[in-house]
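The values are calculated or read from the model by the stated rules, or taken from the named source; none is laboratory data. These figures come from a predicted structure and were not determined experimentally. Cβ atoms come from the backbone with ideal geometry, glycine included; neighbour counts cover every protein chain shown.
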Amino acid sequence: MPSNSKEQAADQLIPAVYHELRRLAAAYMRRERPGQTLQATALVHEAFLRLAGAGQPWKDRNHFLGIAARSMRQILVERARARGAQKRWAGLDRVSLTESLVRGADEDAMLPALDEALTRLEQLDPEQARIVELRYFAGLGIEETADALGISPATLKRRWALARAWLFRELSERR
Amino acid sequence: MNAGDHWRRVRDLFEAALEQPSGALESWLDRESGGDQQLRADVRSLLDHHRRTGSFLLEPVGNRMAELMGGDARTLQPGDTLGSYTIVREVGRGGMGRVYLASDARLGRNVALKALPPELTFDASHRDRLRREARAAAALTHPGICTVYALEELDGDLFIASEYVDGATLRYQLDSGRRPSPADLAHIAGELAAALGHAHHHGIVHRDLKPDNVMMTSDGRVKVLDFGLARLSTPDAAAGPVTQPGTIFGTPAYMAPEQLQGDTVDARADVFAFGVLLYEYACGVHPFGAATPLAVAARILESEATPIVERRADVPPAVAEVIDRCLSKAPADRFESGAGIARALERPERSRGGHSGGAPRRLATWWRTHQFVAIGLYFVASSLCWQIKEWQPGVTTAIFVAVAVAGTVAGVFRGHLVFTERVNDPRLASELQRAALVTLLADLVIGLALAAAGLLLASTRPVPAVLAIALGVGVGLVRLVVEPSTTAGFMNPKA
């Protein structure tokens, strides 16, 4: 394909930030069915613009990933909240435990409550909230998340387990 | 001990406990908590919950993004009624919400009902903005723009009721892989530019022009949909700014560079989108195509598109020139508005002596045929009157003379009009006006004279008599009924 070299040349001009966002976007794209790509595009795009609009230049890749994950959390939670999903949320219990959470509607209903719990967790330990944002909202792997936070993967695994347990307890006790 | 210290001890104990064999856990906890009952209870409960977390949070939320971002609060089924509307069926699902075909009982017509997603209608300021937009959009009436009827609040949800357009979107045509002929391309470019020009003239910018928003109706017309995202480009001081700078709507792939950067946009952003859209439609290739939408956005900002003629050689030069100019990075290098595009598309076509677009050219052919048929009929009428004069001399001689003279005069004028249309097109309108009265009088004289001759002949030769009367009535009717519409359609195809 003759235009390939041109595209490559253009890609080299793209600042590193595009690469990062593109990678995040691509991760979402892979999971989407054709015809639904618009939503993912819109999300990543909106996340990007919030970053750009926030007026805080990202210092490095890790800093950037942090704010991108934060933006995604805000956007997704806002949307879930706007749909009035909170009303349907009745808390976690032993029955709804794990399987039901896999379904989108329940997750949708859970998001606002999760967000509030996460805010409380953040007051206790900001690092915990960042782990959840990177793993759950931005979809980063263990290694990447550990790298972004500057801790070892083994430590990250333990702290991620703590965050999940803490949030799970918070949501179970909420009625 | 403050909360921070407590948390750190909980954390460290929890993490250490994960490594302990479960049998010895209780005694280990007793030992490690050092008699702090609150600490022990906290860690114990976290460990309990830890064992039950299952898949909680393990799958990133993005995996179900489509449901989270696009899911509506509710869907409507055929037969559901909302206010005076009855849902016929769902006809589409856009980035903003579902679209239904519904019948409106009040006016007995079909409308398209677009459900606005709750996140857009959530707070009062958004609702106000939508109302302003709907009002602005409803002010637009143009054959190339899908008319917005109303913003309806039905059962607590907001809907935009608009004209129902039956046809296929340009996206559908693109996906079908069929490329338009050069003539079709020119036709669509012209219609689209005219529609945009109309909106821009009224201070309304689409902002989200894309193949999904352009419909081709079954009779070959172009309709721009979804002025739902358009807003007045002239700031309304009383209402406050309708768009915060930095807020982005729309699809990145058709956004102008300034729009991607979150700057304020005007009609020239639509001009850019017009260029991208037609480029893609003509070639089947996006001018800034790349693997992911963000890479597309980056290329829009930073790289130049391959000139369209290098991708497809048979694009009409005027169209190619227009598209390339629309894709300029700097707004100032593009056309000011849709009207500018329309003028640029028309100019070179005119100088070649034709009319732009397929429909006007077809009308011109019909109009020319009409003129030649009329001239032919004058001959037939004169010959018939000559024959009647031979059969039954007397007053018929005068009738023959009248028909021959009128036929000659009208024939000369009609020939002159065809000549003007072929050779000196710009003068055609004024010549048509000049000739209108002459041909009208001549045709009426011929019609009446034929009818009179027919009546005189009726007693002796009934068959030629009926023929003459029929021909007379026919000539008169064609002049009074048919010709005004063919001429008007030809002179002003957009009317």
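Would you mind telling me which numbered condition in (1) at pLDDT 85 or above; (2) surrounded by 13 or more Cβ atoms within 10 Å (Cβ to Cβ) residue B:462 fails?
That leaves (2) as the condition not met.
Take the range A:107-152 and flag every residue that is farther than 19 Å from residue A:80 by Cβ, among the hydrophobic types (A, V, I, L, M, F, W, C) and touching a Phe, Trp or Tyr at 6+ places or on another chain (Cβ under 9 Å).
A:124, A:131, A:142
Of the numbered conditions (1) touching a strand residue (DSSP E or B) at 6+ places or on another chain (Cβ under 8 Å); (2) modelled with pLDDT of 85 or more; (3) part of a helix (DSSP H, G or I); (4) not basic (Lys, Arg), residue B:149 satisfies every one except a single condition; which is it?
Failing condition for residue B:149: (3).
Using the structure shown, decide if residue B:199 is at pLDDT 85 or above, within 27 Å of residue B:345 (Cα to Cα), among the hydrophobic types (A, V, I, L, M, F, W, C) and outside any helix (DSSP H, G or I).
no
Every residue, every condition in (1) surrounded by fewer than 17 Cβ atoms within 10 Å (Cβ to Cβ); (2) at the interface with chain B (Cβ under 10 Å from one of its Cβ atoms); (3) at pLDDT 95 or above, yes or no:
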{"site": "A:108", "(1), (2), (3)": "no, yes, no"}
{"site": "A:111", "(1), (2), (3)": "no, yes, no"}
{"site": "A:114", "(1), (2), (3)": "no, yes, no"}
{"site": "A:123", "(1), (2), (3)": "yes, yes, no"}
{"site": "A:126", "(1), (2), (3)": "yes, no, no"}
{"site": "A:130", "(1), (2), (3)": "no, no, no"}
{"site": "A:135", "(1), (2), (3)": "no, yes, no"}
{"site": "A:139", "(1), (2), (3)": "no, yes, no"}
{"site": "A:144", "(1), (2), (3)": "no, no, no"}
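Scan the range B:361-391 for residues that are among the polar types (S, T, N, Q) and closer than 16 Å to residue B:469 by Cα and jot them down.
Within the range B:361-391, B:382, B:383, B:387 meet the criteria.
Scan the range B:141-196 residue by residue and report those that are under 21 Å from residue B:104 (Cα atoms), under 15 Å from the mean Cα position of the chain (by Cα) and of a type in the set (A, V, I, L, M).
B:145, B:148, B:165
Going through the range B:15-52 one residue at a time, which ones are touching a Phe, Trp or Tyr at 6+ places or on another chain (Cβ under 6 Å) and crowded, with 19+ Cβ neighbours inside 10 Å?
Once the filter is applied, which keeps residues that are touching a Phe, Trp or Tyr at 6+ places or on another chain (Cβ under 6 Å) and crowded, with 19+ Cβ neighbours inside 10 Å, the range B:15-52 yields B:43, B:46, B:49.
What helices (runs of 4 or more DSSP H), lying completely within the range B:278-360, carry at least 1 residues that are surrounded by 17 or more Cβ atoms within 10 Å (Cβ to Cβ), modelled with pLDDT of 90 or more and within 12 Å of chain A (Cβ to nearest Cβ)?
B:308-311
I'm told residue B:73 meets every condition in (1) small (Gly, Ala, Ser); (2) modelled with pLDDT of 80 or more; (3) not in a helix (DSSP H, G or I) except one. Can you identify the failing condition by its number?
Condition not satisfied by residue B:73: (2).
Kindly establish whether residue B:429 is in contact (Cβ under 8 Å) with a residue 60 or more places away in the chain and part of a helix (DSSP H, G or I).
Judged against the criteria, residue B:429 is a match.
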